[in-house]
Amino acid sequence: MTSFPKRGADDRLLSPENSLITFIDYQSTQINSIGSMKHADLVHNAVLVAKIANQYKVPIVLSTVNVHTGRNQDTISPLKKAIGDVPSYDRTSINAWEDKDYNDAIKATKRKKIIMLGLWTEACLTFPTIDALAEGYDVYPVVDAVGGTSPLSHETALRRVEQAGAHLITIPQLICEYQRDWNRSDTVPGFVQDLFEDGAFTPLQ
């Protein structure tokens, strides 16, 4: 049982060293308008992705829309608490990629693989995904932690970004891709706990 050494930043798969995670518009107005999944499940799954990011020390770029204008509230508190102390880039643009501060924050990480979470799927996820792809980034929408105004809107948006070249991913796949090897013992306890929280593992004893 001899594993190869850990791959470097040029790993073709997602790794904690070559990716970043971005959360876009996880605010009460957006969450309350989601019609493609239960709101409680959406919040739980987004919080779980934030925990995974911190467990594996992956940079997080957080953004909101219309907080400073007074039209919207900040990132929901459970997610903001899970993310921790990172800057939040408020925008007026629906497309986060068209906001200079957000765009600069993504590019400052020097990482080309973007794990993307945004509400709604049909707008705030789709638009920056297509723009980032056009600029040479690999984009991975986390399909079980995003939502649209209806099941049809959500599924149609996912088809659009996939046709544009995005790589759809689920939370269990993300966790396994980051962990990759059971001999990386420092992160195994969190890895197992994440899979229980996701429901991929079921306690049977």
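Computed quantities for the displayed model
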| quantity | calculated |
| --- | --- |
| Net dipole in debye of the stretch 102-158 [+1 Lys, Arg Cβ; -1 Asp, Glu Cβ; about Cα centre; nearest 20] | 340 |
| E122 accessible area, assembled protein chains, probe 1.4 Å, Å² | 50 |
| With 5 Å bins from 0: P(r) over the stretch 1-121, alpha-carbon pairs, percent | 2, 10, 21, 22, 19, 13, 6, 4, 2, 1, 0, 0 |
| In Å², nearest 10: area of F127 left accessible to a 1.4 Å probe | 70 |
| Ranked packing of 28-41, 171-184, most packed first, by mean Cβ within 10 Å | 171-184, 28-41 |
| Euclidean distance of C-alpha centroids, the stretch 125-164 and the stretch 13-69, integer Å | 14 |
| The stretch 5-77 - charge dipole about Cα centre, Lys and Arg +1 at Cβ, Asp and Glu -1, debye rounded to 20 | 140 |
| For the chain: relative contact order, % (alpha-carbon pairs under 8 angstrom, 6 or more apart) | 24 |
| Bins of 5 Å, starting at 0 and running to the largest distance - Cα pair percent for the stretch 39-105 | 3, 16, 24, 22, 23, 10, 1 |
| Accessible carbon and sulfur surface of the stretch 44-157 relative to its total accessible area, %, 1.4 Å | 54 |
| Correct option for Cα extents along the principal axes in Å [calculated from the coordinates] among (1) 55, 41, 34; (2) 71, 31, 27; (3) 53, 36, 30 | (1) |
| Unit charges on C-beta of K, R, D, E only; dipole of the chain, Debye | 260 |
| V61 - accessible surface, heavy atoms, 1.4 Å probe, Å² rounded to 10 | 10 |
| Additional length obtainable on full extension of the chain from T170 to Q73, 0.36 nm per residue less Cα span | 32.2 nm |
| For the stretch 1-106: lysine pairs under 23 Å (alpha-carbon distance), excluding those fewer than 8 apart on one chain | 10 |
| Å² per residue, accessible surface of the chain at 1.4 Å | 50 |
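The values are calculated or read from the model by the stated rules, or taken from the named source; none is laboratory data. It should be emphasised that the depicted structure is a prediction, and the values quoted were computed from it without experimental measurement. Ideal geometry is used to build each Cβ from the backbone, glycine not excepted, and the neighbour counts take in all protein chains shown. Just the protein is used for accessible areas: all its heavy atoms, side chains included, with ligands, DNA and RNA removed. Shrake-Rupley method; radii C 1.70, N 1.55, O 1.52, S 1.80 Å.
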